[in-house]
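Contents: one structure, followed by commentary.
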2 protein chains.
Amino acid sequence: MEKIRHSLAHILAIAVKQLFPKAILGTGPCIENGFYYDFLMPKNFSEKDLESIEKRMKEIIKKDISFERKIITKTTAKKIFKKEPFKLDLLKEIKKEITTYQSNEFIDLCSGPHVKNTKEINPRAFKLSKIAGAYWKGNEKNQMLTRIYGIAFKTEKELKNYLSLLEETEKRDHRKLGQQLDLFCFSDLVGPGLPMYTPKGTILIEELKKNIESICKYYGFEKVITPHLAKIDLYKISGHADKFKEELFHVSSEKKHEFVIKPVQCPHQTQIYASKIRSYKDLPIRYMESEKQYRAEKTGEVGGLNRVYAITVEDGHSFCQVSQVKEEVKQMVKIIKKFYQSLGLWKNHKVYLSFRDYQHPEKYIGDKKDWDKCELILKQINKEMKLNAEIKQGEAALYGPKIDFMFKDALGKEIQIPTVQIDFATAKRFNLSYISETGKKVSPVMVHRAILGSYERFLALLIEHFAGAFPFWLSPIQISIIPIGEKHIKYAKQIKEKLKEYRVEINLEKETVSKKIRQAELQKTPFIVVVGDKEIKAETISLRSRKEKEIKEIKLKDFLNLCQNYQSKQKL
Amino acid sequence: MEKIRHSLAHILAIAVKQLFPKAILGTGPCIENGFYYDFLMPKNFSEKDLESIEKRMKEIIKKDISFERKIITKTTAKKIFKKEPFKLDLLKEIKKEITTYQSNEFIDLCSGPHVKNTKEINPRAFKLSKIAGAYWKGNEKNQMLTRIYGIAFKTEKELKNYLSLLEETEKRDHRKLGQQLDLFCFSDLVGPGLPMYTPKGTILIEELKKNIESICKYYGFEKVITPHLAKIDLYKISGHADKFKEELFHVSSEKKHEFVIKPVQCPHQTQIYASKIRSYKDLPIRYMESEKQYRAEKTGEVGGLNRVYAITVEDGHSFCQVSQVKEEVKQMVKIIKKFYQSLGLWKNHKVYLSFRDYQHPEKYIGDKKDWDKCELILKQINKEMKLNAEIKQGEAALYGPKIDFMFKDALGKEIQIPTVQIDFATAKRFNLSYISETGKKVSPVMVHRAILGSYERFLALLIEHFAGAFPFWLSPIQISIIPIGEKHIKYAKQIKEKLKEYRVEINLEKETVSKKIRQAELQKTPFIVVVGDKEIKAETISLRSRKEKEIKEIKLKDFLNLCQNYQSKQKL
């Protein structure tokens, strides 16, 4: 496939040279799913030019042209490429033998490999996809060239599949859907990388939070609240001052205050643990928190919700005895399972046990004995909980082994978020302790767990996974009621009253019913309820569900049950 | 009363001079509720010294000594006070006539007034209260003196009332109770002014938040979430960059980021409003948010929850048309009433209409017509809602008139938190608009409302108001179940299961029942439930309520109803 893609790059160059003889060649490699070629053009390409180039390429392919490899001397090469300054520039750097590939009159400086003949290329399995600017050799001090991208596969079907995946990805782009569904926004006055959540986006975050918190509460987690600032001393002890050096936001005032903004949550939580004398009877102590932490990402790199300065992290930790680690880890795995099940993502998931690199024990903190014990515990859990985990040596954290989970979203993209990590080091660094049964001061073990990671990235993921059509329990508007006329508003309000535990809107705009249905569809509202004379008389509603599309009349009572069922079973 | 207090200061000096002849006099004025006198002492006073001084004072009073005023020359004064360097220091500054007050052999440099004779002083109506250090003339470059404080009233009863108020205030101190009830903590590593909320404190905050949010949601408020950082430009436009200049926390990074931390919430919310084109049909748009804002208070002044850097503010705004202002303000008054009712504070409250200073219209932003209209609206609301408000001229905000509410806490301390403010300026500053019915771009009016202000101060207030005995719905632990023996644990767990909508603990420690009851009492738990053989057999519980104290046996079913009743009616 690489040969085909690389050969198509040459054919692209041939076509461009034929149609735009003044074009000067850059380079043209194959890339993932396709190829590109850079040109210095006397004028800009248009979409229409792209079409004619593609057409010409197909014609060239059909001519059964061969690719011939030659080894030449530098002198010959300089002669051949005397009108191609970029090729001459490349020639300077070539230290090994110089090879060219020739197809009819077209010769390119190229080390191959290529197909033998264009017969091997399916002219219906490639497509020129886009034009972009690119600096010569990727250096912004050099000249800007025009890059033409192409996509290529073996078969037409593969190409079509890939194109529709691209289209689907674009349609699901969380930045686009985020605006269409009015979930979040940015402001020039506030600054980039600092998303603000609208009422609808806030509902999504709060519902996710409520869901996680209720699952975690069931397993003994208690919520705490900590501030966003701390003296840098806190992070010198935890080690994060070093780790996040350049990503730290420093805080100062005219009154000479000096703080940093937290780049992680756990150091603050250690200080709540440290605020009292703890006994073995108090353990495990489990804290959770959903708060913003801030990291100074590169200014050019923030965008959408995937890369932001303000990161709302759902974080939780258990402080426990070594003998409690196994049960703690098991419970956290249960939490992760329960949460991802509620989003329909607990399928095709993979589990990894990330262990030490046994060749390099010096890379890790802590006692060998503790490591051995905890890796053994993770293996037992894997067996007992039937996780079918794969062991990954050398993937452990600095301070302990961990379990990582990987899911796939609707488009097959891999998502690696949830993790459970055993940590021997942090409690010791902060000098945390509890009084053991024998009256001794002992360091607790910390078990960290991430469930959804950051709300920002998770929201981007969910928007793209569901293409904005969130599960019923998560939808900002769950039910849209459309009264046909003025006189049906009262009935609509009665229904809303009966549905008051849900998020219901009554659309009172002066629009046609079909336009209102269209509006609710665009907002991906799970249930659209239309009511008029007929429905009032029969105590029914006309229901259009997002899933089934066609409208059916059902008893109001049955609709209430339906909602109840969707909500409690967290149906999609 | 001032005469008595001032005369007691002199008597204090006489007693000290008699008991410690080497003491050198500072000054001794009367203050609120009492008096003090400063001395330079050869040694420190002890608690016991205080007792003997007080005893001597009583003896002096009983001697019916008179206070005689004299006008003297500077030369005479210098002679009289030749051994009192602080008096000589004062003499230098006296430009008017020099007066002294003499009682027997004691003469003080003093302009009075005093009682004629110690007969006028009730020796049982004063008390020396404490010793403190104080710099001469309050200047830290001067010598440190010893200050003895006294409390004095006309009658013994008044003194006793005041002393018990003091004692009660101290007992209720939120810093002390906060630790005893384990509600919040501070850490040297995090820094002062940055409270962290433990699981129990977090429950208080979350319950208050839930309460406010559900009331506000009923009145159409929608929750939004905004970040803590913004470019300073946001506050240059809002005017807060100027107003909070020295209180602003500036944020920077090694990557050259420049932000400030928000000192207020509303500018961010204007940017959510600005993220879409709004129509008159969309108004009112009501946002609410409970987030932390940060202000750089003076480093020496932070302490407890009353003065912090991290201020969690419950803030809300309505963007509306002028014609909607009245209804908006009314609804906000209803919200405030409902919330304070839920805490039993909606009594003995006062309401103020804070209007312009009509003599100085130049002090305010906005159209005279708008001001007139809105002040009229507030007057109408006052009448319609029977608020019995008092008009306070000159108390309006820069940008519009407001309604302020004042409550009294359990100790009679005034609390002025809730406010509803009409704001013509901010929306214009941010160039916010909506499309009117005639298709014009119009600036909305903003109505600001604060309900509980900041969670930090409000929590301090609630702790002190309730002395830690929070209403049932707010209590971190609502019910403590104490099984008498091992075999009663199962029944205890069954009860907990039936009470699962409440916050219930089962005390399983190996302690006596009476000690466990004492523990729950110290935690001010509303209901203590004891279960043993008798209760299991009769399907009852032995209930000890915080309010009634004595234990009574009641049917489990009745207890469930009781809890239901307390929770839903938000009983204290």
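The values are calculated or read from the model by the stated rules, or taken from the named source; none is laboratory data. What you see is a predicted model, and the numbers here were worked out from it, not measured in a lab. Positions of Cβ are backbone-derived with ideal geometry, glycine not excepted, and every protein chain shown enters the neighbour counts. We work out accessible area using only protein heavy atoms, side chains counted, and drop any ligands, DNA or RNA first. Shrake-Rupley method; radii C 1.70, N 1.55, O 1.52, S 1.80 Å.
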inquiry  = Take residues that are surrounded by 21 or more Cβ atoms within 10 Å (Cβ to Cβ) and tell me which of the strands (runs of 3 or more DSSP E) falling wholly in the stretch B:369-428 contain 1 or more.
reply    = B:402-408, B:419-423
request  = Filter the stretch B:300-312 for residues that are away from chain A (no Cβ under 11 Å) and either of a type in the set (Phe, Trp, Tyr) or open to solvent by 20 Å² or more (accessible area, probe 1.4 Å) (or both) and give the result.
outcome  = B:Gly303, B:Asn306, B:Arg307
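So is B:Leu25 open to solvent by less than 10 Å² (accessible area, probe 1.4 Å), under 15 Å from B:His114 (Cβ atoms) and either touching a helix residue (DSSP H, G or I) at 6+ places or on another chain (Cβ under 8 Å) or among the aliphatic types (A, V, I, L, M) (or both) or not? Quick ask: steps written out before the conclusion?
On the way: open to solvent by less than 10 Å² (accessible area, probe 1.4 Å): yes; under 15 Å from B:His114 (Cβ atoms): no; either touching a helix residue (DSSP H, G or I) at 6+ places or on another chain (Cβ under 8 Å) or among the aliphatic types (A, V, I, L, M) (or both): yes.
For B:Leu25, the condition - open to solvent by less than 10 Å² (accessible area, probe 1.4 Å), under 15 Å from B:His114 (Cβ atoms) and either touching a helix residue (DSSP H, G or I) at 6+ places or on another chain (Cβ under 8 Å) or among the aliphatic types (A, V, I, L, M) (or both) - is not met.
With A:Phe319, A:Phe244, A:Phe259, A:Phe221 as the choices, which residue is modelled with pLDDT of 95 or more and not assigned by TED's automatic domain parsing to the domain that holds A:Gln421?
A:Phe259
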Residue check for B:Val251: within 30 Å of B:Lys330 (Cβ to Cβ), among the hydrophobic types (A, V, I, L, M, F, W, C) and facing chain A (nearest Cβ under 9 Å) = no
note = Flagged pairs (Cβ under 7 angstrom, 6 or more apart or on separate chains; first in the stretch B:1-27, in contact (Cβ under 8 Å) with a residue 12 or more places away in the chain; second of a type in the set (Asp, Glu)) are B:Ile4/B:Glu120; B:His10/B:Asp108; B:Ala13/B:Asp108; B:Ile24/B:Glu84; B:Leu25/B:Glu84; B:Gly26/B:Asp38; B:Thr27/B:Asp38
query = Taking the stated definitions as given, is B:Glu297 within 12 Å of chain A (Cβ to nearest Cβ), outside any strand (DSSP E or B), surrounded by 18 or more Cβ atoms within 10 Å (Cβ to Cβ) and at pLDDT below 95?
reply = yes
query = Looking at this structure, is A:Lys130 closer than 21 Å to A:Gly303 by Cβ and modelled with pLDDT under 95?
reply = yes
inquiry  = Against the condition in contact with an Asp or Glu (Cβ under 7 Å, 6 or more places away or on another chain), over 19 Å from B:Ser187 (Cβ atoms) and at pLDDT below 95, how does A:Glu314 come out, does it pass?
reply    = no
query = Which ones in the stretch A:176-194 are at the interface with another protein chain (Cβ under 7 Å from one of its Cβ atoms) and either touching a residue at least 24 places away in the same chain (Cβ under 8 Å) or closer than 16 Å to B:Val260 by Cβ (or both)?
reply = A:Ser187, A:Leu189, A:Val190, A:Gly191, A:Leu194
So B:Gly138, is it at pLDDT below 90 and within 15 Å of B:Gly26 (Cα to Cα) = yes
task = Starting from the stretch B:40-53, take each residue that is small (Gly, Ala, Ser) and list its partners that are surrounded by 10 or more Cβ atoms within 10 Å (Cβ to Cβ), counting only C-beta distances under 7 angstrom and pairs at least six apart or across chains.
result = B:Ser52/B:Leu19
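Restricted to the stretch A:239-248, and to residues that are at the interface with chain B (Cβ under 9 Å from one of its Cβ atoms) and in a helix (DSSP H, G or I), which residue is least open to solvent (accessible area, probe 1.4 Å)? Can you show your working first?
We begin by selecting, within the stretch A:239-248, every residue at the interface with chain B (Cβ under 9 Å from one of its Cβ atoms); these are A:245-248.
Within this subset, residues satisfying the condition of being in a helix (DSSP H, G or I) are A:245-247.
Working: A:Lys245: 106, A:Glu246: 95, A:Glu247: 48 Å².
Filtering the stretch A:239-248 for residues that are at the interface with chain B (Cβ under 9 Å from one of its Cβ atoms) and in a helix (DSSP H, G or I), the one least open to solvent (accessible area, probe 1.4 Å) comes out as A:Glu247.
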message = Of everything in the stretch B:219-235, what is facing another protein chain (nearest Cβ under 7 Å), surrounded by fewer than 24 Cβ atoms within 10 Å (Cβ to Cβ) and assigned to a helix (DSSP H, G or I)? Give them in sequence order.
response = B:Asp233
request  = Answer yes or no as to whether B:Glu54 is under 23 Å from B:Glu2 (Cα atoms) and more than 42 Å from the chain's Cα centre (by Cα).
outcome  = no
ask   = Within the group A:Lys127, A:Lys116, which residue is among the charged types (D, E, K, R), open to solvent by 50 Å² or more (accessible area, probe 1.4 Å) and touching a Ser or Thr at 6+ places or on another chain (Cβ under 8 Å)?
value = A:Lys116
query = For the stretch A:264-284, how many residues are facing chain B (nearest Cβ under 9 Å) and in contact with a Pro (Cβ under 8 Å, 6 or more places away or on another chain)?
reply = 1
task = State which residue pairs qualify: first residue in contact (Cβ under 8 Å) with a residue 60 or more places away in the chain and farther than 11 Å from A:Thr226 by Cβ and inside the stretch A:281-292, second residue of a type in the set (S, T, N, Q) and not in a strand (DSSP E or B) in any location, beta carbons under 7 Å apart, and separation of 6 or more residues or different chains.
result = A:Leu283/A:Gln321; A:Leu283/A:Gln324; A:Pro284/A:Gln324
query = Which of (1) closer than 21 Å to B:Asp89 by Cα; (2) in a loop (DSSP other than H, G, I, E, B) is the odd one out, the single condition B:Ile71 does not satisfy?
reply = (2)
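Among the residues of the stretch A:200-218 satisfying the criterion of being polar (S, T, N, Q) and more than 9 Å from every other protein chain (Cβ to nearest Cβ), which is surrounded by the fewest Cβ atoms within 10 Å (Cβ to Cβ)? Please lay out each step first, then the result.
Initial filter on the stretch A:200-218 (polar (S, T, N, Q)): A:202, A:211, A:214.
Narrowing the set further to residues that are more than 9 Å from every other protein chain (Cβ to nearest Cβ) leaves A:211, A:214.
Working: A:Asn211: 19, A:Ser214: 10.
It comes out as A:Ser214.
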query = Any idea which of (1) without any contact (Cβ under 8 Å) to a residue 24 or more places away in the chain; (2) of a type in the set (D, E, K, R); (3) farther than 18 Å from B:Thr155 by Cα is the one B:Glu32 doesn't satisfy?
reply = (3)
message = I need every pair where a residue in the stretch A:531-557 that is closer than 16 Å to A:Ile489 by Cα and among the β-branched types (Val, Ile, Thr) has its Cβ under 6 Å from the Cβ of a residue that is open to solvent by 40 Å² or more (accessible area, probe 1.4 Å) and not in a helix (DSSP H, G or I), sequence separation at least 6 or different chains.
response = A:Thr540/A:Glu553; A:Thr540/A:Lys555
key: All positions within the stretch B:318-347 that are closer than 21 Å to B:Gln269 by Cβ, open to solvent by 10 Å² or more (accessible area, probe 1.4 Å) and either aromatic (Phe, Trp, Tyr) or part of a helix (DSSP H, G or I) (or both)   = B:Val322, B:Gln324, B:Glu327, B:Gln331
